[in-house]
Amino acid sequence: MPALAERLTQTDLDAAPERGFGVYVHWPFCLAKCPYCDFNSHVRAGVDHARWRKALLAEIDHAAARAGRRSVTSIFFGGGTPSLMEPATVAAVIERVDRHWPGAADAEITLEANPTSVEAGRLAAFRAAGVNRVSLGVQSLDDASLKFLGRGHNAAEAIAAVALAARIFPRFSFDLIYARPEQSVAAWRAELAQALAMAGDHLSLYTLTIEASTAFGARAAKGELSPMPEDDMAPFFEATQEICAAAGLPAYEISNHARPGGGAALHGTSGVPSTPGGECRHNLTYWRYGDYLGIGPGAHGRITVGPDKIATRGIKRPESWLEQVEKTGHGGEVEEVIDADERGAEALLMGLRLGEGIHLDNFRAAVGRPLDSFTTAAKLDRLIAGGFLRHTGSRLMATAKGLPVLNSVVVELLR
Ligand SMILES: C[S@@+](CC[C@H](N)C(=O)[O-])C[C@H]1O[C@@H](n2cnc3c(N)ncnc32)[C@H](O)[C@@H]1O
Ligand code: SF4
C-alpha cells in the first residue's frame, strides 16, 4: 500500500478550488427576538443609522490597512436583520469596500432579509444599492409553525417576498427550519416540495437546534417544549437529501443546497464542476478555509498576514462596539494567531462539511502544512474502512455516514 503522503498527493485533472476573499458585515438589530435564535441579535427602540454607517465604514478602513491588496470575491450582510439597514448604508459599505479593493462591487453581494411586508418593500432599494443576491428567512410555509417559531410574517407574506426577490435579484435563496417538534416526515416532504417549486438556485435547510441561551432553551429546560430526539431526525435529513437532489438542488454542504454549475464536459475527474453554480460563494470561502474580514459587533474574521493566520472577533454588545469604534477606529475584541494544529483542525471541520470535500492542495495552501502532517495512514484507513470518509486522488470527503458525526471523525483523525 502506498504511504499516506504519496496517496494524498496524487494529482488528477481536478484543480484546487478558489478560496476567495470575503467581507462579512454584521447588522445586530431585529424587530423582535425569535425564541430559537442565539445569533448576536438585539431589539432596540431606536438606532442612530448615521452613527452606525460611519462606524461600519471606519472599521472597513481599519481592516483594509491590515488586509492589503486583494481581490474581494464576496460581501455578505448578515445579522440580526440587515434588511432593517438603510439602503444608503448598504450602498456606502459596498462603495467603501470597492474603493479599497477595486472590482468588489461586481462580486457576489448577499443581504439577509426577513420576509415581512415592510422589509419586502425595501428589496428594490437594496438592489439599487448594489446587492445582487438576497437570502430570505422564510423558516416555514405553514402559518401555525411560523407562529410557533415566533416569526413576524405568515406563509402568504413569505411566498410573496420570495416571488418579489425572484423578480428583483439575479440570485436569491431562502432558509427553512425543519424537524420541528411534532412535525411529521410527510408534512415536511409536502412543505419542501412547495418550497422547491418556488426556489431559485439555492436553499438553506436547517434542522431546529434548541440552544440553552434562548427562550426555547428555557422552555425545554422546564419541560414545556420537547425537542425532536436526534434519532427521529435521521429520516427528515434523508428525505431532504433525496427530494432536493431529485429536484436538481443537491446538497453541497450539510444544510445548503444549490443547482450545480458547469457542464459535464467541464467536470474534472472527481465530478466537481469547474464553473460556478448556485452555491453561495461567500460561504464557500469559509468552508474552503479562505480569508474573510468580520466587520461589526461580534463578527468573526480570518485573515492571513505574512506566515500567520489571524482570528479576529468584534465586541458583541452593539453599543460597546460602536463606542470603541468611535474611540479607536475599530471594534475588535479578540485578535490572535491561530497555531498550526488549530488551523488544521479548523480547515478539516469546515472542509469536510462540503460535498466536494477538502482539496489536498488547497488544504496545504490554506493551512501551511499538508494534511498528512496532521494524521497517519492507519487513522485514515480506519475511518475509510468504517465508512466515515472516502478519498479520491486529490480530495478527502465525508460520507453520508460520516457527516452527522463530523466532530468525532475529525477528533479521531487528529488524535
Ligand atoms: C442570522 S439568521 C437569520 C437572518 C434573518 N434575521 C431572519 O431571521 O430571517 C440565519 C438563519 O439561521 C437559521 N437559524 C437560526 N437559529 C436557528 C436554530 N436555532 N435552528 C435552526 N436554524 C436556525 C434560520 O433559518 C435563519 O434564517
Ligand atoms: S432569527 Fe433572524 S429575526 Fe429572528 S432573532 Fe435571529 S436574527 Fe433576528
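Observations
- Rg/Rh ratio calculated on Cα atoms of the stretch 7-83 (Kirkwood radius): 1.17
- Cβ-defined net charge surrounding Q324, 11 Å radius [Lys, Arg +1; Asp, Glu -1]: -3
- If the segment from K147 to S408 were pulled out straight at 0.36 nm per residue, it would be longer than the present Cα-Cα gap by 90.4 nm.
- Every Cα-Cα pair in the stretch 198-259 was counted, and those over 13 Å apart are 67% of them.
- Using C-alpha pairs below 8 Å separated by at least 6 residues, the relative contact order for the stretch 273-415 is 18 percent.
- The coefficient of translational diffusion for the stretch 284-379, derived via Stokes-Einstein from the alpha carbon Kirkwood radius under 20 °C and 1.002 mPa s, stands at 147 µm²/s.
- Length-normalised contact order for the chain - Cα pairs under 8 Å, 6+ apart - percent: 18 percent
- Relative exposure of R189, R167, R353, judged by other C-beta atoms within 10 Å (fewest first): R167, R189, R353
- Binned Cα-Cα distances of the chain, short to long, each 20 Å bin given as a whole percent: 25, 59, 16, 0
- Links that overshoot a 23 Å alpha carbon limit, given the list K147/K316; K309/K379; K222/K316; K54/K309; K33/K222; K33/K327: K147/K316; K309/K379; K222/K316; K54/K309; K33/K327
- Electrostatic tally near G277: other residues with Cβ closer than 12 Å to its Cβ, Lys and Arg +1, Asp and Glu -1, net 0.
- Cβ distances below 4.7 Å define possible disulfide partners, and in the chain the cysteines left without one are C30, C244, C280.
- Among beta bridges that DSSP assigns inside the chain, antiparallel share in %, nearest 5: 45 percent
- Gain in span if fully extended, R390 to A156, counting 0.36 nm per residue against the direct Cα distance: 79.9 nm
- Taking E157, E279, E253 in turn, the Gaussian network model of the chain (Cα-Cα springs below 10 Å) assigns the largest fluctuation to E157.
- Angstrom value of the Kirkwood radius, inverse mean 1/r, which spans all Cα pairs in the stretch 91-169: 13.5 Å
- Reduced Cα scattering model of the stretch 1-147, Debye log10 I(q)/I(0), q = 0.11, 0.16, 0.19 Å⁻¹: -0.53, -0.89, -1.15
- The shape of the stretch 155-304 can be summarised by an equivalent ellipsoid whose semi-axes, obtained from the alpha carbon gyration tensor, come to 29, 22, 17 Å from longest to shortest.
- Potential extension, E326-L31 segment - 0.36 nm per residue separation minus Cα distance: 103.7 nm
- Residues of the stretch 52-83 with amide N under 14 Å of the 7 Å Cα→Cβ point at V305: 62-69
- Backbone N within the stretch 38-68 under 11 Å of label point (7 Å from S255 Cα along the Cβ vector): 38-39
- Most mobile of K309, K327, K33 in a GNM of the chain (Cα contacts under 10 Å): K327
- The stretch 73-229: mean projected area of Cα convex hull, nm²: 10.0 nm²
Every number here is computed from the coordinates shown, using simple stated rules; none is lab data. Since the structure is predicted, the reported quantities are computational estimates derived from the model, not experimental observations. Note that each Cβ is placed from the backbone with ideal geometry, even for glycine, and that neighbours are counted across all protein chains shown.
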